[in-house]
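Worksheet for the structure shown next.
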């Protein structure tokens with residue numbers, strides 16, 4: 001449409017080594033989830049199931065925090081967000 005502004009492009013997240021690390025975390029979490037399913041199917045003790053479940057959650061939380069952190073840093077570098085706001089958002093998500 002003439003005169004319409006182009007939508008801002010999304011920044012590319014997780015390049016190179018960081019992308020590889022996040023993908024490895026996610027692959028590990030996938031394996032843990034499969035193991036969790038097998039444990040439940042085999043009627044393993046609740047304590048064992050919960051221990052693995054906590055590990056899966058922590059792995060996914062860590063991956064999510066890294067993706068969010070990289071995104072917010074990119075916004076900050078583009079001047080789209082205040083550094084104090086970045087810290088506030090990260091603290092909020094961790095609580």
Amide N proximity, region 41-63 versus residue 18 label position 7 Å along Cα-to-Cβ, cut-off under 20 Å: 59-63
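What order do you get for 69, 95 when you list them from fewest to most C-beta neighbours inside 10 Å?
Neighbour counts put them in this order, fewest first: 95, 69.
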Estimated FRET transfer efficiency (residue 94, residue 43; beta-carbon r; R0 22 Å; 0.05): 0.05
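What list do you get for 66, 27 if you sort them by fewest beta carbons within 10 Å?
Values: 66 16, 27 10.
Neighbour counts put them in this order, fewest first: 27, 66.
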Where the Cα atoms of region 16-94 are projected onto their three principal axes, how long is each span, largest first, in whole Å? 53, 28, 12
Projected label distance in nm at residue 82 and residue 51, using a 7 Å step from Cα toward the beta-carbon: 4.7 nm
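Each reported figure results from applying straightforward, stated rules to the coordinates on display, with no laboratory input. The structure displayed is predicted, hence computed values, not measured ones. We place every Cβ from the backbone using ideal geometry, glycine too, and count neighbours over all the protein chains shown.
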